[in-house]
Amino acid sequence: MLVIMRDHASQAEIDHVVSLLHEAGAEAHLSHGEVKTIIGVIGEREVMYALDLEGLEGVEHVVRVLKPYKLVSRDFQAHDTVITVGTATVGGGAFAVIAGPCSIESEEQMMATARAVKAAGATMLRGGAYKPRTSPYAFQGMGLQGLKLLRAAGDDVGLPVVTEVLDVRDAETVAEWADVLQVGARNMQNFMMLDELGTLRRPILLKRGLSATIEEVLSAAEYVLKGGNRDVMLCERGIRTFETYTRNTLDLAAVAALKTLTHLPIIVDPSHATGRRELIAPMCRAAVATGADGVMVEVHIDPEHARCDGPQSLRPDEFEALVDDITPLVTLEGRTFGRA
Ligand code: PEP
Ligand code: MN
């Protein structure tokens, strides 16, 4: 249920509604627009309707929400969520370029990559320390040692760092070393983990599951917001279809749809979506044109010897050309790169 307050409702009127909701055992999540405050209510439906909130001072009307998500929806918050993380901003016109290797492999690799992507214009540095691999015999990542290398590389060049948290037991450790916590496609519906991430004060990059519907993505994000963490970016990284030429199928219609349904920033990952280096630039251009708030691209200093996802990784010079390529499009879309 959403309680829409009248334009310029007073603080006392808002507080009164919130205290009634709390007394009735409900959660009240506030969204402050320029003139309107909207209160997202989470509680038992029957109890909420019995409160007759529509009769209260300052209340314009009450809307029943039939969708399985509320806090992530544009109905609850009309304006774009803007997330600031260190020197980077994403959402509300700020465009993010997240770049780095699939997996952290060595200090030399991370330092060289960080310097190259920073010089080319990346706004955040990525790298996986805990890797979700299809085969248990494939390289699983460097773990804590990798987190430390990522942190050091990010600090060296002044970029915030993004890395995946694969298991809820690692969440606190990852939050200690990284600025943005990525939830991988395979974990999108790990509800216990989403609950835990809702309690952390770190932005979350939530990737779409391999076969997740748009409604399922939004419902997964709702878990994090419900826990109190409003800084969530969604990531379209391709879905599984009958096509095998590309690794997955990049669902750009979902990006456009999500922009209408939610206020959260939407990032496109063409690397995992296509699995093919030559398709990264065209899909980045398409992502910008579709209204995405950023792209995440895998970059490796020596893709032929990458321990993971070499064929879809750009070399630093290719990444530099890509950023140059999308720069006029980002401007054309009325965006600016979100870097300090
Ligand atoms: C990744 O970004 O490194 C990754 C494993 O992606 P996904 O979860 O989308 O497969
Ligand atoms: Mn990868």
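General remarks:
- Test set (1) buried (at least 18 other Cβ atoms within 10 Å of the Cβ); (2) over 18 Å from GLU298 (Cβ atoms) - THR163 fails condition number: (2)
- Verdict on VAL288 being more than 16 Å from ligand 1 (Cβ to nearest atom), over 17 Å from LYS70 (Cα atoms), at pLDDT 95 or above and crowded, with 21+ Cβ neighbours inside 10 Å: yes
- Top-ranked residue of the range 291-308 - restricted to ones that are over 22 Å from the mean Cα position of the chain (by Cα) and crowded, with 17+ Cβ neighbours inside 10 Å, ranked as farthest from GLY184 (Cα to Cα): ILE301
- Flag for LEU218 being open to solvent by less than 30 Å² (accessible area, probe 1.4 Å), touching a residue at least 24 places away in the same chain (Cβ under 8 Å), over 25 Å from GLY86 (Cα atoms) and more than 16 Å from ligand 1 (Cβ to nearest atom): yes
- Matching entry among LEU66, LEU71 (being under 26 Å from VAL217 (Cβ atoms), over 21 Å from the mean Cα position of the chain (by Cα) and part of a loop (DSSP other than H, G, I, E, B)): LEU66
- Meets criteria (open to solvent by less than 20 Å² (accessible area, probe 1.4 Å), within 12 Å of ligand 1 (Cβ to nearest atom) and in contact with a Ser or Thr (Cβ under 6 Å, 6 or more places away or on another chain)) for GLY100: yes
- Residue selected from the range 93-123 under the condition free of Cβ contacts under 8 Å to residues at least 60 places away in the same chain and in a loop (DSSP other than H, G, I, E, B), by the criterion farthest from ligand 2 (Cβ to nearest atom): SER106
- Criterion (more than 30 Å from VAL65 (Cβ to Cβ), more than 16 Å from the chain's Cα centre (by Cα) and within 16 Å of ligand 2 (Cβ to nearest atom)) met by exactly one of PRO311, PRO270, PRO316: PRO311
The values are calculated or read from the model by the stated rules, or taken from the named source; none is laboratory data. Here the structure is a predicted model, which means the values were calculated and not measured. A quick note on method: Cβ atoms are made from the backbone with ideal geometry, for glycine too, and the neighbour counts reach across all protein chains shown. In case anyone asks, the SASA skips ligands and DNA or RNA and just uses the protein heavy atoms, side chains included. Shrake-Rupley method; radii C 1.70, N 1.55, O 1.52, S 1.80 Å.
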